[in-house]
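Down below is the structure, laid out as structure tokens.
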Amino acid sequence: MTRQAHLAAWAVGLAALVMLPFVYRDPYHLHILVLILIWSFAYTSWSMMGRFGLVSLGHGGFMGIGAYVTALLWNHLGLSPWVGIPVSMVAAGALALIVGYPCFRFRITGHYFVLVTLALSGIVLQVITATRDWTGGSLGYTPNRATGNKLWALQFDDKTTWYLVALAVWVVGLVVWHWIDRSMSRYALEAISEDEDAAAAAGVDVTAEKLKITLISALMTALAGAIYCQYQMFITPDTVSGIAVSLQMVFAAIVGGLFVSLGPTVGAIITILLAESLRIGFGTRAVGWDNLVYGVLLVLFIIFLPKGILGSLLERLKPQRKPSPSS
Amino acid sequence: MQAFLDIFDIYLLEAVINGILLGGVLALLALGLNLIFGVIDVTWICYAELVMIGMYAMYFMVQYYGVSYFIAAPFTILLVALLGAALHYLVIAPLLTAPPINQLLATGGVLFVLQSFATVAFGIDFRNLGIRLPVLAFGDMNFSYARLLSFIAALVGMVAVYLFMTRTFTGTAIRAISQDRQIMALMGVDTKRIYIITSALGGALAGLAACLLVLQYDVHPFVGLSFGPITFLICVLGGLGNFIGGFIASFVFAEIISLGGLFSDLEWGYVLAFAFFIVMMFIRPAGLLARRR
């Protein structure tokens, strides 16, 4: 495909997505679509790092910070999410830098890095639970309903508005992805993921490059958490933070394929449809079953299809192209 | 004022000793994780979930079928050891040549499976053994008998592993493999067999920890999350695969949690431990006992 055709395809697809809620108004299906878009954005944020071999299980922590800081600022200080979301993103970014800097500076990679980030998401969960006087602990937390301006409070009643908000956020995620894809950082990070010492010897500032991508990823994940909180109007530590959420991100990204821009989105579509159909099929007995299926699929995917569904499909479609260096 | 100080000191001492007792069980978990990392070069993210399954096994045998605690314990250890071997055979073995991250994520998938299996099979109720061991009063200090027992059993378990590793041929082979993975296969050691044995041993340690933890804590499907992360922190701080480092780090962390819990909630003890961990990463990034290159 030529570049123009490529862009045209994207434009047509996007236009169709924007038009959708004005043609089709079933609230349940729109709700599912909003969830898919928000989680796609979160999974895309995770894959920003994941595709370069920086496997983080700390993103549950960033997402939790995004959701809780925004909601807490709104409830306790009356600060609009328009201010609260940037503040929460800065908080998540600061945490990412505090944890990331020693990790990258002292070459904590592979297992070590995963375990450190794993602990990070565990700790954020503990902090949210421990500060139960403010956050409601494990029982969850609800942002106060807006009395005045809905837009100021970023609370909308109709699904169409939320669909458009989620769509916009999702598009931002893809734009950032492509922006990184075309930047020099991409080559630097790919070199780092292949061989850190060689990359450093070739003049790549390993610590700075890794910190940059970690910061971008953490900021976006916090935004996803905040949007999720604004949309659902109810958050619990387990749905927006902790190890389970981190693993959910990893799972969806891997199922969809984390080396292609739409891979995490495909992952989100598959996992959310799977969870919803299990929920409808099993009713209340579904508690636990969705995660059971997730877990088994995750293991099977890693063993048999490590590039994910979309990644493997694209590879099958273009056999003449050389495999990408990141594979 | 003087009276206040006296009470304070007693509590402090009690917390310190409780920390040491807690450290025993943590050290057991760290040992199992380090063993598997050192030999197979894999981190079992789902390690704490194996413990959770073991705790359920204990609960059902003791509470449901009326088996005596000391008869149920060996069965639980055996069961979790088999689970460990199965985990290696089914999940890790096909991935041995895959990137290490994939192995780690696959065990993350197993974490999901075990957690949700427990949710589906046993429900999300908190269950406990119903055994209330007496509280040991020593001067003005109170110690739970269960903790003392756990500490001793954990020490015995660790000594047993030490003897196995140093006195038997298999143990020697395990230590040799952890030093050089390629050469040992050329020396005629069946690496596959050693990997399975190591995994079973790691599982057995998780099983022993389960028998001890079930005395002190309620079991529920997510109980693994309450001590899993801290075990990983301990292993990283001690240096992955470094047995002695893990042992020392266990007690350091246990003290932080115990003393942190003394002044505030238990969760804050964990938060404090994490803050300490971050600081330590700046100072000794390759683990407590790592030599400076």
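The values are calculated or read from the model by the stated rules, or taken from the named source; none is laboratory data. Keep in mind it's a predicted model, so treat the numbers as computed, not measured. Cβ atoms come from the backbone with ideal geometry, glycine included; neighbour counts cover every protein chain shown.
For region B:142-197, what are the residues that are over 20 Å from the mean Cα position of the chain (by Cα), aliphatic (A, V, I, L, M) and more than 23 Å from B:Phe247 (Cα to Cα)? B:Ile183, B:Met184, B:Ala185, B:Leu186, B:Met187, B:Val189, B:Ile194 - these are the residues of region B:142-197 that are over 20 Å from the mean Cα position of the chain (by Cα), aliphatic (A, V, I, L, M) and more than 23 Å from B:Phe247 (Cα to Cα).
Looking at A:Phe304, A:Phe259, can you tell me which residue is out of contact with any helix residue (DSSP H, G or I) (no Cβ under 6 Å at 6 or more places or on another chain) and more than 14 Å from A:Trp39 (Cβ to Cβ)? Within the list A:Phe304, A:Phe259, the selection yields A:Phe304.
All conditions but one from (1) out of contact with any Phe, Trp or Tyr (no Cβ under 9 Å at 6 or more places or on another chain); (2) closer than 20 Å to A:Ala226 by Cβ; (3) surrounded by fewer than 16 Cβ atoms within 10 Å (Cβ to Cβ); (4) away from chain B (no Cβ under 14 Å) apply to A:Val176; the one that does not is (3). Filtering region A:224-233 for residues that are farther than 30 Å from A:Trp10 by Cβ, at pLDDT 90 or above and in a helix (DSSP H, G or I) leaves an empty set. Residues being more than 7 Å from chain A (Cβ to nearest Cβ) and assigned to a helix (DSSP H, G or I): count how many of those fall in region B:85-110. Summing the residues that are more than 7 Å from chain A (Cβ to nearest Cβ) and assigned to a helix (DSSP H, G or I) in region B:85-110 gives 10.
Condition check: hydrophobic (A, V, I, L, M, F, W, C), surrounded by fewer than 17 Cβ atoms within 10 Å (Cβ to Cβ) and touching a helix residue (DSSP H, G or I) at 6+ places or on another chain (Cβ under 8 Å). Does A:Phe62 satisfy that?
So A:Phe62 fails the test.
Look through region A:284-297, keep the residues that are within 19 Å of the chain's Cα centre (by Cα) and modelled with pLDDT under 80, and return whichever of them is farthest from the other protein chains (Cβ to nearest Cβ). Ranking the qualifying residues of region A:284-297, first place goes to A:Tyr294.
Filter region A:136-192 down to residues that are part of a loop (DSSP other than H, G, I, E, B), farther than 26 Å from A:Ser241 by Cβ and charged (D, E, K, R), then give me how many there are.
First, the residues of region A:136-192 that are part of a loop (DSSP other than H, G, I, E, B): A:136, A:140, A:142-149, A:154-158, A:183.
Filter once more, so that each one left must be farther than 26 Å from A:Ser241 by Cβ: A:147-149, A:157-158, A:183.
Filter once more, so that each one left must be charged (D, E, K, R): A:157-158.
Number satisfying all stated conditions: 2.
In a residue-by-residue description of region A:26-38, the property of being more than 27 Å from A:Leu274 (Cβ to Cβ), of a type outside the set (D, E, K, R) and either part of a loop (DSSP other than H, G, I, E, B) or away from every other protein chain (no Cβ under 14 Å) (or both) applies to no position. Here B:Ala209 qualifies as more than 14 Å from every other protein chain (Cβ to nearest Cβ), of a type outside the set (Lys, Arg) and in contact (Cβ under 8 Å) with a residue 60 or more places away in the chain.
Taking the stated definitions as given, is A:Ala67 away from every other protein chain (no Cβ under 12 Å), part of a helix (DSSP H, G or I) and touching a strand residue (DSSP E or B) at 6+ places or on another chain (Cβ under 9 Å)?
Values: away from every other protein chain (no Cβ under 12 Å): yes; part of a helix (DSSP H, G or I): yes; touching a strand residue (DSSP E or B) at 6+ places or on another chain (Cβ under 9 Å): yes.
Yes, satisfied.
Residues in region A:78-104 that are free of Cβ contacts under 8 Å to residues at least 12 places away in the same chain and either among the polar types (S, T, N, Q) or not in a helix (DSSP H, G or I) (or both): A:Gly78, A:Leu79.
Residue by residue through region A:105-127, note down the ones that are more than 9 Å from chain B (Cβ to nearest Cβ) and either in contact with a strand residue (DSSP E or B) (Cβ under 7 Å, 6 or more places away or on another chain) or part of a helix (DSSP H, G or I) (or both). First the steps, then the outcome.
Taking region A:105-127 first, the residues more than 9 Å from chain B (Cβ to nearest Cβ) are A:109, A:113, A:117, A:124.
Across region A:105-127, the qualifying residues are A:Phe113, A:Thr117, A:Val124.
Considering region A:132-160, and only residues there that are polar (S, T, N, Q) and surrounded by fewer than 15 Cβ atoms within 10 Å (Cβ to Cβ), the residue that is modelled with the highest pLDDT turns out to be A:Thr142. A:Met233 passes every criterion in (1) among the aliphatic types (A, V, I, L, M); (2) more than 12 Å from every other protein chain (Cβ to nearest Cβ); (3) within 23 Å of A:Met89 (Cα to Cα); (4) buried (at least 19 other Cβ atoms within 10 Å of the Cβ) apart from (4).
Could you please find all residues in region B:253-272 being modelled with pLDDT of 80 or more and either in contact with a Gly (Cβ under 7 Å, 6 or more places away or on another chain) or surrounded by fewer than 19 Cβ atoms within 10 Å (Cβ to Cβ) (or both)? It would help to see each step written out before you state the result.
Just the residues of region B:253-272 that are modelled with pLDDT of 80 or more, to begin with: B:253-259, B:272.
Passing the criteria: B:Ala254, B:Glu255, B:Ile256, B:Ile257, B:Ser258, B:Leu259, B:Leu272.
The residue pairs whose first member lies in region B:177-192 and is without any contact (Cβ under 8 Å) to a residue 60 or more places away in the chain, whose second member is surrounded by fewer than 16 Cβ atoms within 10 Å (Cβ to Cβ), and whose beta carbons are closer than 6 Å, counting only pairs six or more residues apart or on different chains, are B:Thr191/B:Ala185. Taken over region B:217-257, the residue count meeting the criterion of being closer than 30 Å to A:Gly288 by Cβ, away from chain A (no Cβ under 14 Å) and not hydroxyl-bearing (Ser, Thr, Tyr) is 2. B:Val214 meets the conditions (1) crowded, with 22+ Cβ neighbours inside 10 Å; (2) within 13 Å of chain A (Cβ to nearest Cβ); (3) assigned to a helix (DSSP H, G or I) in every case but one. The failed one is (2). Only a single criterion out of (1) among the charged types (D, E, K, R); (2) without any contact (Cβ under 8 Å) to a residue 40 or more places away in the chain; (3) farther than 30 Å from A:Pro27 by Cβ is not satisfied by A:Glu196, namely (2).
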